[in-house]
1. Among the listed residues Phe363, Phe386, which satisfies the condition of being at pLDDT below 95, aromatic (Phe, Trp, Tyr) and open to solvent by less than 60 Å² (accessible area, probe 1.4 Å)?
2. Given the criterion open to solvent by 30 Å² or more (accessible area, probe 1.4 Å), in contact (Cβ under 8 Å) with a residue 24 or more places away in the chain and away from the ligand (no atom under 16 Å from the Cβ), identify the matching residue among Glu404, Glu371.
3. Scan (1) more than 15 Å from Phe237 (Cβ to Cβ); (2) away from the ligand (no atom under 12 Å from the Cβ); (3) in a helix (DSSP H, G or I) for the single condition Gly144 breaks and write down its number.
4. State whether the residues of region 476-490 include one that is buried (at least 17 other Cβ atoms within 10 Å of the Cβ), in a helix (DSSP H, G or I) and without any contact (Cβ under 8 Å) to a residue 40 or more places away in the chain.
5. As an exercise: evaluate Gln331 against (1) open to solvent by 50 Å² or more (accessible area, probe 1.4 Å); (2) assigned to a helix (DSSP H, G or I); (3) more than 13 Å from the ligand (Cβ to nearest atom) and give the number of the one condition it does not meet.
6. Just name the residue that is most open to solvent (accessible area, probe 1.4 Å) out of those in region 6-18 that are polar (S, T, N, Q) and in contact (Cβ under 8 Å) with a residue 40 or more places away in the chain.
7. Could you check, for region 197-206, whether at least one of its residues is open to solvent by less than 10 Å² (accessible area, probe 1.4 Å), farther than 16 Å from Thr232 by Cβ and within 16 Å of the ligand (Cβ to nearest atom)?
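The values are calculated or read from the model by the stated rules, or taken from the named source; none is laboratory data. All values reported here derive from a predicted model rather than from experimental measurement. Glycine also receives a Cβ, built like all others from the backbone with ideal geometry; neighbour counts cover every protein chain displayed. Surface accessibility is based on the protein's heavy atoms, side chains included, excluding ligands, DNA and RNA. Shrake-Rupley method; radii C 1.70, N 1.55, O 1.52, S 1.80 Å.
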Amino acid sequence: MKAHIQQLLEQAIVSLQSQNILPEDIQPRIVIDRTKDKSHGDFANNLALMLAKPAKQNPRALAELITQHLPASDLVSKTEIAGPGFINFFINPNFLEKQIDNAFSDTRLNVELTATPQTVVIDYSSPNLAKEMHVGHLRSTIIGDSVTRTLEFQGHRVIRQNHVGDWGTQFGMLLAYMEELRAKGEEINKNLANLEVFYRAAKGRFDESETFANRARDLVVALQSGDQQCLTLWKEFKDISIAHCQAAYERLGVSLTVDDVRGESAYNKDLAVVVSDLDAKGLLKESQGAKCVFLDSFKNKDGEPLPVIIQKKDGGFLYATSDLAAMRYRQNTLGADRVLYFVDARQGLHFQQVFEVARIAGFVKPETSLEHMPFGTVMGEDGKPFKTRAGSTPKLSDLLTEAEERAYELVKEKNQDMSEGELRHIASVVGISSVKYADLSKNRTSDYTFSFNSMLSFEGNTAPYLLYAYTRVSSIFNKAGIEIDSITAPVSLTEEKEIDLANKLIQFNEIISQVAKQGMPHVLCSYLFELAGLFSSFYEACPILSAETESQKLSRLKLAALTAKTLKQGLSLLGINTLERM
Ligand code: ARG
């Protein structure tokens, strides 16, 4: 409610500024206070007193002007000017009550279906298949999946694209190693069980043996020219590596399937076409033997235009070339209106450049939106990019196992009498969702510190806190022997804490649109955290099962029920399952 009134006041200031009644350069900090005496309304604000001096106005007269310029709001029943120039707001509980009743009886909780459904292509996870997935893939995978779910919930047609790195020079080395193992009669499958070890062994051979390195180089050439034997070997490697990713997605509850994989290799045949099309449009220039596009908008520090290399001197293609081919596929074949790339912030320049090349080459329509959704780095508690004690990048599967183990200890301590099976189940949900939530709840664009202790804490903006809050709300219904959906009585809001909770509940729709638009799930996390907090205050101040009258009890139960539904729906958009007990 405070945020709503703040917005109204901000808009009034803007319109007063545009009429030169207020100076352009003021940006007052608007503070909304609750009134102590309800006869003065519900909220009060001293903006007019603060602005009187810079505006060279009498505070009461200015308060008058501000109230005249407040946009209409269904939430505010009236405003009054009090004392030297305070503005008091009276909120309209009937409006809130109606909204709550509607949301409660709507399976979508009043979250609008979009009136303009789009085809949204989402490029996320996209690991390089040569190696095992590690902590660096967490952010793209988890944030991308949450935004995918959110857009689908709004009614958009979402096409997932897992643009895996399955092509390029590293594969020569891996294939050479596979050959060598096979010649020794070893089983390749077994060796590939641990991709990390396999990769290191292959790299070791590459570094120590000239003959091996040459064989690796030959195999890259053979692979790229479509040699059947090479392709078979490559496919074998790729399938195993994808199966590893798939296992990680299943464990994480990420909605990607093998059908969503469309890696760099899928564009192999288009790469030469990209080059000839750019050439036909007169966009290619040669620079030191390489074919490049020079963009006016990207200059180095000497003011010279930066090249985007499309084809190397030796004829090889680059990461940018396959991204251009992929953009064309997404536009022409998939029919994208919007393409979102959940990729590390360090690739920012790459995306700015390929987006621009695609635009000037006409590979995408002008109205198609291309959006890099960058994210920051996962840091260790030492303030450096997260590493294991041995100094390597932690494997995703090891991190998840550790989270589950730690969660098991915590849950066991709280529930001595629970069966081992149930403990394991709860520990797995709590462990995995803690890792996910810790990532989702941080602003996407900043770095964040990976800390098992803070992500598994039952206090603060964490998965355990929210999961526990959900079990608390739903336990009220178990205790009362009432089904959450069975309440039909209307809600009636009289207490301050009821109004605060109701007001938060009705913001769900707004939050969902914000996540969908900006690709920022942390906004939803903060919302759910605040909602859980407001529920606690409500629960403390307003007895539910021992309410004074039956209608008050039902009204409060309804608020609790809508809180439970909103938490469950919100968590599910984050890709997190709720528990009934923990
Ligand atoms: N495989 C790349 C990496 O691990 C990410 C690919 C992102 N998607 C894209 N279309 N470039 O860095």
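1. After ruling out the rest, the residue left standing is Phe386.
2. Matching residue, one of Glu404, Glu371: Glu404.
3. Failed condition: (2).
4. Within region 476-490, none of the residues are buried (at least 17 other Cβ atoms within 10 Å of the Cβ), in a helix (DSSP H, G or I) and without any contact (Cβ under 8 Å) to a residue 40 or more places away in the chain.
5. (1) is the only condition that Gln331 fails.
6. Going through the qualifying residues, I end up with Gln11.
7. Among the residues of region 197-206, not one is open to solvent by less than 10 Å² (accessible area, probe 1.4 Å), farther than 16 Å from Thr232 by Cβ and within 16 Å of the ligand (Cβ to nearest atom), which makes the answer no.
A quick yes/no check of all residues on (1) free of Cβ contacts under 8 Å to residues at least 12 places away in the same chain; (2) surrounded by fewer than 15 Cβ atoms within 10 Å (Cβ to Cβ):
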{"position": "His4", "(1), (2)": "no, no"}
{"position": "Asn20", "(1), (2)": "yes, yes"}
{"position": "Pro28", "(1), (2)": "no, yes"}
{"position": "Ala48", "(1), (2)": "no, no"}
{"position": "Leu51", "(1), (2)": "no, no"}
